[in-house]
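Below is one structure, written out as structure tokens; comments come after it.
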Amino acid sequence: MCGIAGLLHYNSIQDAEQRVLNMTNSLIHRGQDESGFFNDQSISLGHRRLSIIDLSSAANQPFVDFENRYVLVFNGEIYNYKELRLALPNYPFKTQSDTEVLMAAFCTWGIDCLKKIDGMFAFAIWDKQDEILWLARDRMGVKPLYFFQENGLLAFSSEKRSLMDSGLFKRSLNYDSIFEYLSYHSTGYPNSIVECIHQVHAGTYYRFTKKTTEQTSYWNFKSTENSEIGDPTLIRRKVFNQLQQAVTKRLMSDVPIGAFLSGGVDSAAIVALMSLNSSHAVNTFALGFSEAKYDESNYAEIIAKRFGTNHTRFVVKPSDLLENVQDALDVMDSPSADGINTYILSKAIRETGLKVALSGIGGDELFAGYPGFRQYYRLNKVKKEYSILSPVRRLVSSALKKSDSNRKRRLGSILSLKGPSIDEVYPVLRQIISSDFINYFIKTTNETTRLSVTLLESKTDIEKFGLISQFSIAEYLGYSQNTLLKDTDQMSMALGLEIREPFFDHQLIEYVLSLPDELKLSKFPKQLLFDSLDPLIPPEIFHRKKMGFVLPWEQWMRNELFSFCDDQIKLFSQRDFAHRDNILKYWKRFLQKDPSIRWIELWQIVVLEYWLRKNSVE
């Protein structure tokens, strides 16, 4: 796991090497073990290394192939590198690294090697002979990759802040992205919160030459084939096998590995499968809270005892959490209202000396753990009635949309939908602030989010799947890629901790997406996961009330964090696109404990304003 950066300059520019040095130095948190650089007439490449596979200096990057034609910088892990190595007997390997296997695969199969590689990755390969640069990103978008392109220049990096440190462009706010950010506290492909910075889409590679730029998708959910309904027992057995393979392949490492253990279903499943496939006790870590109403670490203890893990419980007080809030905001590469929990636990784990940990994120998205799955399913089961009641819905929706409550306006948005299709329903169910209500805060020029466009463009293909799989696909195209995976990466890698997510294994996802709704949506959420792992996980873990990682944000924003939040909200309200009086009025209502206002609606404004000023984005 590392950080990569580079600058392609066919027409040459001054200080190219220094610019890439600056970009690479800003990634030091992603890899504190080694750094490396490559420069020639047209390109400069930089790399920061977190050593996990083959700890020798021979595996350092940039990595050059044995014929001295290709140069590689790579961030991530290739989980099937040992199998691929066996399939490449003619390549003269000099290391035991997955980096060299990736290079050998490219030398042998060209960019088609992407179809054979199983892993999480973002990489760049420079062809010195033909002067071609290849950029590629993994199928699910686990590893980030951004670029800037203008006037014959191309700069790329693992982080936006690194790109900004190149000094190649003005740090300007992408105004059109504000609407999307306030909707989902994230910005989707291909844009970012910074005007000149673009995201490489998941499952995509780019080919850059002096005259052309080509973009190709090598994988997406359409690669999945729907399967016939088979024997439920056999299906559950195959789900178990797929889960086991997803976990086992992520145990490859030349350094010790740990696991997040929250006490919830998903992390319990990962730890259980790790224990089955490890020759020694698994290192597990949980956060415990001094206040009982926030603490669920006793459930983590149940799992730890059941599987004999080497368990560490970090007990934190509210004051400990408050001390970490601003530190977490400072390391954000993308503004986000979420992810601080990942930062706190990652920091605790990294301080024990571990560099790698497995996480249970992604289980809800794959096995229908959110209420939205059931809501979407039910809406489609009453599609005819929904259509018949259209005049009534429009009338009620019109009244609700006049409210000064975001909650009522969100309900009004649901009632005003043309129909219960995925491109209509998902963007509304996932919104933090309704599209209609965002106009209350800012002057908008663009009210169409990239998420809505993506789902509309993919609608025909998505509807070939069952209703529950449709919602899962929307989760992957939306929340997972734009928020969940992005937050996990930025918060953990800020501390030099690599997180691996078995529930985002593309082979597991392909199989589960192909299964019928009846197996996924039954008596209780995630029953397919429970049935597939039964009796491995104790029933009290599966059947307890879902709690999640809860922090007392409402209390903090009105008390301990009041001055900080008040400053940021007032600064944001002064921006030329903001409706100052409305924002300040809404903040005052929150402080007066108006129950219709959720803390996250205002917290994401606090985070955005702080991030823009921290990173000097104008």
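Just so you know, in the range 205-253 the residues that are of a type in the set (A, V, I, L, M) and under 21 Å from the mean Cα position of the chain (by Cα) include one that is farthest from Leu536 (Cα to Cα), and it is Leu251.
Conditions tested, residue by residue: (1) modelled with pLDDT under 95; (2) under 30 Å from Ser97 (Cα atoms).
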{"position": "Thr224", "(1), (2)": "yes, no"}
{"position": "Gly230", "(1), (2)": "yes, no"}
{"position": "Asn241", "(1), (2)": "no, yes"}
{"position": "Thr248", "(1), (2)": "no, yes"}
{"position": "Gly263", "(1), (2)": "yes, no"}
{"position": "His280", "(1), (2)": "yes, yes"}
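When every residue of the range 443-459 is checked against the conditions, at least one turns out to be out of contact with any Gly (no Cβ under 7 Å at 6 or more places or on another chain), of a type in the set (Asp, Glu) and outside the structural domain of Thr342 (by TED's automatic domain parsing).
Restricting attention to the range 205-245, and to residues there that are farther than 26 Å from Leu515 by Cα and hydroxyl-bearing (Ser, Thr, Tyr), which single residue is surrounded by the fewest Cβ atoms within 10 Å (Cβ to Cβ)? Here the answer is Thr212. Of the numbered criteria (1) under 30 Å from Asp266 (Cα atoms); (2) modelled with pLDDT under 95; (3) crowded, with 16+ Cβ neighbours inside 10 Å, the one Ile597 fails is (1). For the range 194-204, taking the residues that are aliphatic (A, V, I, L, M) and more than 16 Å from the chain's Cα centre (by Cα), the one that is farthest from Leu513 (Cα to Cα) is identified as Val194.
The set of residues in the range 129-180 being over 17 Å from Ala202 (Cα atoms) and of a type in the set (Lys, Arg) consists of Arg161, Lys170, Arg171. Among the residues making up the range 44-78, those that are in contact with a Lys or Arg (Cβ under 9 Å, 6 or more places away or on another chain) and either in a loop (DSSP other than H, G, I, E, B) or outside the structural domain of Gln129 (by TED's automatic domain parsing) (or both) are Leu50, Ser51, Ile52, Asn60, Gln61, Phe66, Asn68, Arg69. Of all residues in the range 323-378, those that are within 23 Å of Gln32 (Cα to Cα), hydroxyl-bearing (Ser, Thr, Tyr) and crowded, with 18+ Cβ neighbours inside 10 Å total 5. Where helices (runs of 4 or more DSSP H) fall entirely within the range 364-445, those with at least 1 residues that are over 24 Å from Ile605 (Cβ atoms), among the acidic types (Asp, Glu) and modelled with pLDDT under 80 are at 383-388.
Among strands (runs of 3 or more DSSP E) entirely within the range 142-225, having at least 3 residues that are in contact with a strand residue (DSSP E or B) (Cβ under 7 Å, 6 or more places away or on another chain) and among the aromatic types (Phe, Trp, Tyr) singles out 146-150, 204-208.
The values are calculated or read from the model by the stated rules, or taken from the named source; none is laboratory data. All of these numbers come straight from a predicted model, not from anything done at the bench. Note that each Cβ is placed from the backbone with ideal geometry, even for glycine, and that neighbours are counted across all protein chains shown.
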